[in-house]
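Asks: Shown below is the structure under consideration.
The values are calculated or read from the model by the stated rules, or taken from the named source; none is laboratory data. Just so we're clear, the structure is a prediction, and the values are computed from it rather than from any experiment. Quick reminder, even Gly has a Cβ in these numbers, built from the backbone with ideal geometry, and neighbours come from all protein chains shown.
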Amino acid sequence: MSRRVYLDNAATTPVRQEVLDAMMPFLTGNFGNPSSIHQEGRTTRAAIESARKTVAGLIGASTGEIFFTSGGTESNNMAIKCAVTDLGVKRIITSPAEHHCVKNSVEHLKELHLVNVEMVRIDKYGMPDFNHLEELLASSDIQCLIWQSFQQYVRNTERGCIQIRCRRLAIIKSTCSKHR
Ligand SMILES: Cc1ncc(COP(=O)(O)O)c(C=O)c1O
């Protein structure tokens, strides 16, 4: 008998049992809207704030820096658009290997004439060309957002390419620091 093996964990994975156990009370009994002031809402709000504290503690952040979103598309949209509206970003450097939610967001901002968008060259495996990134950064000192999704960077889900994360992240960091 043939056995089916799921190999697409780069795209999505099953929910771990302990996550499901922690969430079950809020998917069934305590389903109150956390923005509501009634008891059901306050119970859910307390659980969310407790989770926020746990996540912040795990990565050494403050609770005000933790935002829960519905997923990748919402997170990417929020971060990119807030960089433009709140941090004064006028230029975005990204790569053609990005997820389409990134490409569509930056294209939208470009159409609104809010930013210039430049693409860093990539090789056939989806790896960015760091010399090109350096050239792009050196060409202007306008407030710039460099968008390279970490997940896309470490493991390109579209191409199945595994990138050498630490060394290359260090190169991006030092290149950006030079042009701060
Ligand atoms: C790098 C990256 N960004 C964004 C997304 C979109 O995420 P979601 O489907 O949660 O909106 C994905 C989905 O695979 C992704 O790999």
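Asks: Scan segment 67-89 residue by residue and report those that are without any contact (Cβ under 8 Å) to a residue 60 or more places away in the chain and more than 16 Å from the ligand (Cβ to nearest atom).
Replies: Residues satisfying the conditions are 82, 85, 86, 87, 88, 89.
Asks: Separate question: Evaluate the following for residue 32: is it in a loop (DSSP other than H, G, I, E, B), among the small types (Gly, Ala, Ser), surrounded by 12 or more Cβ atoms within 10 Å (Cβ to Cβ) and on the phi > 0 side of the Ramachandran plot? Explain how you work it out, then say what you get.
Replies: On the way: in a loop (DSSP other than H, G, I, E, B): yes; among the small types (Gly, Ala, Ser): yes; surrounded by 12 or more Cβ atoms within 10 Å (Cβ to Cβ): yes; on the phi > 0 side of the Ramachandran plot: no.
It is false that residue 32 is in a loop (DSSP other than H, G, I, E, B), among the small types (Gly, Ala, Ser), surrounded by 12 or more Cβ atoms within 10 Å (Cβ to Cβ) and on the phi > 0 side of the Ramachandran plot.
Asks: Of the residues that sit in segment 96-122 and are of a type in the set (S, T, N, Q) and within 19 Å of the chain's Cα centre (by Cα), which one is farthest from residue 176 (Cα to Cα)? Break it down stepwise before answering.
Replies: We begin by selecting, within segment 96-122, every residue of a type in the set (S, T, N, Q); these are 104-105, 116.
If we keep only those that are within 19 Å of the chain's Cα centre (by Cα) as well, we get 104-105.
On the way: 104: 24, 105: 22 Å.
Top of the filtered list is 104.
For every residue, the table says whether it meets (1) touching an Asp or Glu at 6+ places or on another chain (Cβ under 8 Å); (2) at pLDDT below 85; (3) of a type outside the set (Asp, Glu); (4) over 26 Å from residue 9 (Cα atoms).
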| residue | (1), (2), (3), (4) |
| --- | --- |
| 69 | no, no, yes, no |
| 84 | no, no, yes, yes |
| 111 | no, no, no, yes |
| 137 | no, no, yes, yes |
| 141 | no, yes, no, yes |
| 159 | no, yes, yes, no |
| 164 | no, yes, yes, no |
| 174 | no, yes, yes, yes |
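Asks: Taking the residues in segment 96-148 that are within 16 Å of the ligand (Cβ to nearest atom) and among the charged types (D, E, K, R) as candidates, determine which candidate is surrounded by the fewest Cβ atoms within 10 Å (Cβ to Cβ).
Replies: Per the criteria, the residue is 107.
Asks: For the structure I just gave you, tell me whether residue 93 is surrounded by 12 or more Cβ atoms within 10 Å (Cβ to Cβ), more than 16 Å from the ligand (Cβ to nearest atom) and either under 26 Å from residue 11 (Cα atoms) or touching a residue at least 24 places away in the same chain (Cβ under 8 Å) (or both). Let's see the steps before the verdict.
Replies: Details: surrounded by 12 or more Cβ atoms within 10 Å (Cβ to Cβ): yes; more than 16 Å from the ligand (Cβ to nearest atom): yes; either under 26 Å from residue 11 (Cα atoms) or touching a residue at least 24 places away in the same chain (Cβ under 8 Å) (or both): yes.
So residue 93 passes the test.
Asks: If you don't mind, there's one more thing I want to ask. Tell me which residues, restricted to segment 9-26, are within 23 Å of residue 73 (Cα to Cα) and either surrounded by 12 or more Cβ atoms within 10 Å (Cβ to Cβ) or more than 19 Å from the chain's Cα centre (by Cα) (or both).
Replies: Residues of segment 9-26 that are within 23 Å of residue 73 (Cα to Cα), as a first pass: 9-16, 19-20, 23.
Once the filter is applied, which keeps residues that are within 23 Å of residue 73 (Cα to Cα) and either surrounded by 12 or more Cβ atoms within 10 Å (Cβ to Cβ) or more than 19 Å from the chain's Cα centre (by Cα) (or both), segment 9-26 yields 10, 14, 15, 16, 19, 20, 23.
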